[in-house]
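The values are calculated or read from the model by the stated rules, or taken from the named source; none is laboratory data. Small disclaimer: the values here were computed from a predicted structure and weren't measured. Cβ: placed from backbone, ideal geometry, glycine included. Neighbour counts: every protein chain shown.
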Amino acid sequence: MSQHILPVRIYYEDTDFSGNVYHAAYLKFFERGRTEFLRDLGIHHSELAEQGIAFAVRTMELDFVAAARIDDLLTVTTEVVENSGVRLTLAQSIYRADTVLTRARVVVVAIKTSGGPARLPADLRAKLNRP
């Protein structure tokens, strides 16, 4: 799959006392982007849980470039950088129009809901590898 795009509107609850988006809110936007990216591929967290599999964030590198403000309409982009049997590396960015506000490199791993690493099912890996 190529780049996934998710629009996000900034609400009062996303901002701090200065009217800028609070830094932790960007994590929520990135999470929504990853979830909708998977959903658009036909991968649903509830179905994975039925198979005893979940995703957990292993590492996340963030680069805050500029601030978003209340009422901004942002775009969260998500794309696969690397996909192995257990690990998925994603590049994510948040834009206001053509301006990059925040970038993230996220590594998520598959885990068993009972604990320990899990191998992603072959059909799921195939969906993640689609151009």
Is there a residue in segment 34-51 that is among the hydroxyl-bearing types (Ser, Thr, Tyr), under 15 Å from Arg125 (Cα atoms) and modelled with pLDDT under 95? no
For residues that are more than 10 Å from Ile5 (Cα to Cα) and among the β-branched types (Val, Ile, Thr), scanning just segment 68-86, find the one that is farthest from the chain's Cα centre (by Cα). Ile70
Residues located in segment 9-28, provided they are surrounded by 15 or more Cβ atoms within 10 Å (Cβ to Cβ), in a strand (DSSP E or B) and touching an Asp or Glu at 6+ places or on another chain (Cβ under 9 Å): Val21
Name the residues in segment 102-131 that are surrounded by 17 or more Cβ atoms within 10 Å (Cβ to Cβ), in contact (Cβ under 8 Å) with a residue 60 or more places away in the chain and in a strand (DSSP E or B), would you? Thr102, Ala104, Val106, Val108
Please go through segment 84-123 and give me each residue that is among the polar types (S, T, N, Q) and at pLDDT 90 or above, ordered by number. Thr89, Gln92, Ser93, Thr99, Thr102, Thr113, Ser114
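Inspect all residues belonging to segment 73-83 and state whether any of them is part of a loop (DSSP other than H, G, I, E, B), in contact with a Leu (Cβ under 9 Å, 6 or more places away or on another chain), modelled with pLDDT of 95 or more and more than 24 Å from Arg130 (Cα to Cα).
No: segment 73-83 contains no residue that is part of a loop (DSSP other than H, G, I, E, B), in contact with a Leu (Cβ under 9 Å, 6 or more places away or on another chain), modelled with pLDDT of 95 or more and more than 24 Å from Arg130 (Cα to Cα).
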